[in-house]
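Report on one structure; see the data block that follows.
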Amino acid sequence: MTERIDIRNMRTRTEAINALPTVPSALKQISAMFEKPRLSIDELSGFISGDPALTSKILKMVNSAAYGFPNRISSISHAIMLLGFNVVRGLLLGVSVFDLMQKNIAGLWEHSVGCAVAARCIAQKKNLQEPEEVSICGLLHDIGKVILILHYPREYETVLAKARDEGISLFEAEQSRFEATHADVGSWLARKWRFPVNLAEAIEYHHTPHLSRQAKLETAIVHVSDILVRARGIGINGDMLVPDIHPESWTLLQLTDDDVRDILAELETAASEAEDL
Ligand SMILES: [Fe+2]
Ligand SMILES: [Fe+2]
């Protein structure tokens, strides 16, 4: 059996994302900016507004059904005011890894947008204070897959093939080849990029929600959203399996049949939009 790639090597490489030649320069700049201990709203909105392509992608997202604001949001500073700093930061990352996502795992973007929509919808039903922040966890929860494929292209191809051939989940297949999974990798980045701890935790435990300590609710929401989106067949996330919802998450969320129907209806609208985005 081939040896697994060790966790320290994985973490160092993940955190050195800025050094990767295949990462577009815009993403390198964003990543470097987020690592600074202090980033002001002006700096963030100035950076985004200086790039017309990024600006239009973000405005498209915030004006989509994923957020469902009744009036048009016309500027980045307006978006920050309505959605908050962390959400706009998360969107910026989401849209800037988008090209990488599509190139490497087709359908991962649709899957991610679907999770963002479902997560926001559940968070609202559960009266969480920042439903838009939870939706960012949905958008970024599988970002670790993109990072793994960039750093370990050959090894990750074998992981994808193993999942396909053996009919196991990608999460399981990753464990056979790596000491850490895409969930760990995503959370290392979220921490390095100084996202709030509950967001990082929801990413870290989205496949093992019972292990979450500080963000049980957010983690359960991302976990359930991920599975609902797969069950609904929106996008592709690298494997064909729909795992069971963890009973602890299901009990915690107490979703009714009506809730699930509403979430699926929102996913329907968003799925058609994700293609345009
Ligand atoms: Fe995942
Ligand atoms: Fe996922």
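Nothing in this text is a laboratory measurement; each read-out follows from the coordinates by a stated rule. Here the structure is a predicted model, which is why all the values come from computation and not from measurement. Cβ coordinates were reconstructed from backbone atoms using ideal geometry, including for glycine residues, and neighbour counts include every protein chain displayed.
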*Which of rounded, prolate, oblate describes segment 27-68, given a ≥ b ≥ c as roots of the alpha-carbon gyration tensor eigenvalues and a/c under 1.5 marking rounded, otherwise prolate only if a/b is larger than b/c?*
prolate
*Scale the Cα Rg of the chain by the rule-of-thumb value 2.2 N^0.38 Å and send over the ratio, two decimals.*
0.94
*Using 0.36 nm per residue, how much length does the chain from Glu268 to Leu20 gain when fully extended, once their Cα-Cα distance is taken away?*
85.6 nm
*Stretchable slack from Ser56 to Arg8, in nm (0.36 nm times residue separation minus alpha-carbon distance)*: 13.5 nm
*Loop-located trypsin sites (Lys or Arg not before Pro) in segment 190-276 whose Cβ has at most 13 other Cβ within 10 Å (DSSP)*: Arg213
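With +1 on each Lys and Arg Cβ and -1 on each Asp and Glu Cβ, and nothing else charged, work out how big the dipole of the chain is about its Cα centre, in Debye to the nearest 20. If you can, show how the numbers build up before the last one.
Numbers: 28 positive and 37 negative charges, 161 e Å.
So the magnitude is around 780 debye.
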*Which ³J(HN,Hα) values in Hz, rounded to whole numbers, follow from the phi angles of segment 29-36 under the Karplus curve 6.51 cos²θ - 1.76 cosθ + 1.60, where θ = phi - 60° and Gly and Pro get x?*
4, 4, 4, 5, 5, 6, 7, 5
_Could you compute the net charge surrounding Gln175? Neighbours are other residues with a C-beta less than 12 Å from the C-beta of Gln175; K and R count +1, D and E count -1._
-1
*Take each of the peptides 88-94, 125-131, average the number of other beta-carbon atoms within 10 Å over its residues, and list them starting from the highest.*
88-94, 125-131
*asked:* With N set to the number of residues, divide the alpha-carbon radius of gyration of segment 158-277 by 2.2 N^0.38 Å and report two decimals.
replied: 1.12
*Filtered GluC sites (Glu not before Pro), segment 1-83: DSSP coil and at most 15 other beta carbons within 10 Å*: Glu3
*Towards the positive end of the charge dipole of segment 18-276, with charges on Cβ (+1 Lys, Arg; -1 Asp, Glu), say which of Phe171, Pro196, His246 has the farthest Cα.*
Pro196
*asked:* Can you classify segment 68-179 as rounded, prolate or oblate using the Cα gyration tensor, where a ≥ b ≥ c are the square roots of its eigenvalues, rounded means a/c under 1.5, and otherwise it's prolate if a/b beats b/c and oblate if not?
replied: prolate
_Taking 0.36 nm per residue of sequence separation and subtracting the Cα-Cα distance, how much length would be gained by fully extending the chain between Gln102 and Met33, in nm to one decimal?_
22.4 nm
*Per residue of the chain, what 222 nm ellipticity follows from adding -39500 (n - 2.57) for every DSSP H run with n ≥ 4, rounded to the nearest 500?*
-21000 deg cm²/dmol
*Residue by residue, what Karplus-based ³J(HN,Hα) values in Hz, rounded to whole numbers, does segment 15-23 have, using 6.51, -1.76 and 1.60 with θ = phi - 60° and x for Gly and Pro?*
6, 9, 4, 5, 8, 6, x, 7, 7
*List the aspartates and glutamates whose alpha-carbon lies under 18 Å from that of Lys192, not counting same-chain residues fewer than 8 positions away?*
Glu15, Glu35, Glu133, Asp142, Asp184, Glu201, Glu204
_For a 29 Å ceiling on Cα separation, which of these pairs sit above it: Lys162/Lys216; Lys103/Lys126; Lys57/Lys216; Lys57/Lys145; Lys103/Lys162; Lys36/Lys145?_
Lys162/Lys216; Lys103/Lys126; Lys57/Lys216
*Relative contact order of the chain, pairs being alpha-carbon contacts under 8 Å that are 6 or more residues apart, as %*: 23 percent
